Amino acid sequence: MTALLGHMATMVWKDILLELRSRELVISVIVFGLLVVIVFSFAIDPAPGQAKTLAPGILWVAFAFAATLAMNRAFVREQEAGALEGLLVSPVSRDAIFLAKAATSFLFMLLIEAVLLPAYAVMLGFSALSWTLGLTIVLATLGFALIGTLFSALAAQTRSREIMLPVLFFPIVLPVILGAVESTTRAIGGETFVGLGRWLPLIAVFDVVFLVICPWVFSFVVED
Amino acid sequence: MNARNSDFAILAEGLEKSYREWPVLWNLDLSVPWGESLSLFGANGSGKTTLLRILATSARPDAGTVRIAGYDLRRQTAEVRRRVGVVGHRSYLYDDLTPRENLNYYARLYGVRNRDARIADALERVGLSARANHRVRTLSNGMQRRAAIARAILHQPDVLLLDEPETGLDQDSRQMLGDLLGQWTSEGRSVVLTTHDIELGIAWGRRTAVLTGGKLSFPKGDAETIQMALSGIEPLKSCRQSRAPVEERETHRGQRDQ
């Protein structure tokens with residue numbers, strides 16, 4: 001367990017260092033997310049009060065698309081100089097590789113969402129200062145990161161990985177998106193944890209299922 | 001030096017590997033004693049890289065057993081990985097990190113103790129100390145190759161596997177690598193390398209082998225003998241094109257299963 005955590009910390013540190021050097025992922029995804037909310041604002045032009053109804057859907061559609069952009073890069077870096085193969089012949093378990101990649105994606109997505117959320121709140125007219133909204137974002141992003149990392153590894157081995165990832169990702173992550181939209185609707189409506197009903201536990205259940213299944217499937221994905 | 005629980009650094013028996021209907025390695029046996037360097041020759045597509053990838057645990061054999069330093073490749077994979085260093089066609093390095101940062105990263109993954117000293121030693125051995133803090137993407141191909149070699153020897157593996165290591169290296173770098181391999185085997189460790197440069201392979205390998213028809217032969221002699229062994233190569237036919245390999249395989253499998 002200590003070895004697994006140590007290996008994970010090393011790999012996460014490396015990914016953060018690479019992102020700080022290249023600055024190619026976080027900034028471009030944030031710009032994409034901001035453009036989405038601007039386009040939505042012009043395209044829909046909602047009446048006062050209507051924006052709040054549409055906000056959860058717009059927010060999670062934007063977050064889900066941002067996640068696919070971010071996830072697409074997760075294994076591309078590893079494959080550029082064959083580093084993934086270097087990793088696979090090292091004594092690091094496949095579980096550690098997967099969990100480290102998922103943890104990095106989770107951290108990057110949380111950072112991106114922390115920047116985008118206030119902008120969306122201002123443009124769509126809702127309050128982002130809600131701990132139930134924060135919890136919804138954390139749990140749903142964890143689901144995105146787990147399933148996105150798995151399919152990113154799978155898609156990275158195909159020629160059309162940019163297309164392949166969303167095609168694989170969205171059908172599987174749909175329950176998480178639905179749960180997140182419903183939970184967000186209630187959270188920005190001022191509901192407490194009890195008021196969120198079954199939606200937050202539903203996301204948590206999916207996270208647990210993904211957390212068990214994805215590392216196991218990953219080991220088959222990367223084997224020759 | 002590690003305690004060694006086997007007479008051989010590498011012991012492979014009945015190794016088989018196919019890519020769909022194409023057999024690449026066929027009932028291949030290989031033994032590499034401690035302290036030996038083996039140069040492996042073969043035409044393009046003969047299976048040299050596949051053999052090295054199997055020994056490095058990055059490809060699974062369809063059949064056969066492999067023991068590295070006495071550890072079973074299938075059942076004790078993590079132990080095998082700790083004892084093998086690999087130089088592949090690609091560097092396995094991150095372009096936006098420096099060689100020192102790359103080595104530090106791998107040293108942590110391999111659990112290398114006394115990291116700073118070992119990294120400095122590996123960089124010194126490949127003559128890269130002066131460029132250790134420059135990003136990999138700014139280094140020439142030859143320097144990137146040196147950094148890849150430093151990465152492979154960092155954890156002082158018992159077995160070093162090098163796939164065409166001379167690619168991109170200038171004369172001085174080849175000399176450096178030759179010296180390093182000589183030093184490596186003199187310490188009782190073993191090396192398996194593939195190359196298309198016959199003269200270099202003979203100079204670097206205490207023993208030479210030619211991979212043809214999915215099996216190894218060990219011609220003794222000079223470059224001409226090896227060239228003749230290589231020239232006689234006929235590409236393996238697809239199992240769909242020829243039933244003979246399939247029948248031979250079934251017979252062999254039947255014998256093995258008994």
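Nothing in this text is a laboratory measurement; each read-out follows from the coordinates by a stated rule. Just so we're clear, the structure is a prediction, and the values are computed from it rather than from any experiment. Note: ideal-geometry Cβ built from the backbone for every residue, glycine included; neighbour counts use all protein chains shown.
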With Cα springs under 10 Å, the Gaussian network model of chain A assigns the largest mean-square fluctuation among A:PRO166, A:PRO201, A:PRO56 to A:PRO201
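Mind pulling up the Rg/Rh value for region A:97-224? Radius of gyration and Kirkwood radius, both on Cα. Walk me through the intermediate numbers first.
Values: Rg = 15.7 Å, Rh = 15.5 Å.
With Rh from the inverse mean 1/r over Cα pairs, Rg/Rh is 1.01.
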Of every Cα-Cα pair in region B:63-162, the percent that sits beyond 15 Å: 60 percent
Taking one equal scatterer on every alpha-carbon of region B:48-105, how large is log10 of I(q)/I(0) by Debye at q = 0.19 1/Å? -0.75
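Would region A:1-151 count as rounded, prolate or oblate if I go by the C-alpha gyration tensor, calling it rounded below 1.5 in a/c and otherwise prolate when a/b exceeds b/c, oblate otherwise?
Working: a/c = 2.94, a/b = 2.16, b/c = 1.36.
Here region A:1-151 falls in the prolate category.
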Give me the one-decimal nm value for the distance between modelled label points at A:ARG23 and B:ARG135, 7 Å along each residue's Cα-to-Cβ direction. 1.1 nm
Pick out which of B:GLU16, B:GLU124, B:GLU164 has the largest mean-square fluctuation in a Gaussian network model of chain B, springs linking Cα atoms closer than 10 Å. B:GLU124
Short version: ³J(HN,Hα) in whole Hz for each residue of region A:83-94, in order, from phi by Karplus 6.51 cos²θ - 1.76 cosθ + 1.60 (θ = phi - 60°), x for Gly and Pro, what are they? 4, 4, 5, x, 6, 6, 8, 8, x, 9, 5, 4
A student applying the Cα gyration tensor rule (rounded when a/c is under 1.5; otherwise prolate if a/b is larger than b/c, oblate if not) would label chain B prolate
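Looking at this model, which pairs from A:LYS14/A:LYS101; A:LYS101/B:LYS17; B:LYS17/B:LYS48; A:LYS101/B:LYS48 are more than 22 angstrom apart at the alpha-carbon? Walk me through the intermediate numbers first.
Details: A:LYS14/A:LYS101 11 Å; A:LYS101/B:LYS17 31 Å; B:LYS17/B:LYS48 12 Å; A:LYS101/B:LYS48 32 Å.
Cα-Cα > 22 Å for A:LYS101/B:LYS17; A:LYS101/B:LYS48; rest within.
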Listed residues A:PHE144, A:PHE193, A:PHE169, most fluctuating in chain A (Gaussian network, C-alpha, under 10 Å): A:PHE193
Estimated D of region B:74-131 in µm² per second, where Rh is the Kirkwood radius over Cα pairs and Stokes-Einstein applies at 37 °C, 0.692 mPa s: 258 µm²/s
Label A:TRP131 and B:GLU13 with points 7 Å out from Cα along Cα→Cβ: what is the distance between them in nm? 6.5 nm
What does the structure give for B:87-98 when I average, per residue, the other chain Cβ atoms found within 10 Å of the residue Cβ? 6
The aspartates and glutamates whose Cα lies under 14 Å from the Cα of B:LYS220, excluding any fewer than 8 residues away in the same chain, are B:GLU199
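At R0 = 22 Å, how high is the FRET efficiency between A:ARG198 and A:ALA114 if r is their beta carbon distance? Nearest 0.05 is fine.
For A:ARG198 and A:ALA114, the calculated efficiency is 0.25.
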Alpha carbon centroid spacing (whole Å) that separates region A:1-40 from region A:168-217: 22 Å
Using only the Cα atoms of the protein assembly as shown, build the gyration tensor, take square roots of its eigenvalues as a ≥ b ≥ c, and label the shape rounded, prolate or oblate: rounded if a/c is under 1.5, else prolate if a/b is larger than b/c, else oblate. prolate
Taking the Cβ of B:MET143 as the center, what net charge do the other residues with Cβ under 12 Å away carry, scoring Lys and Arg +1 and Asp and Glu -1? +3
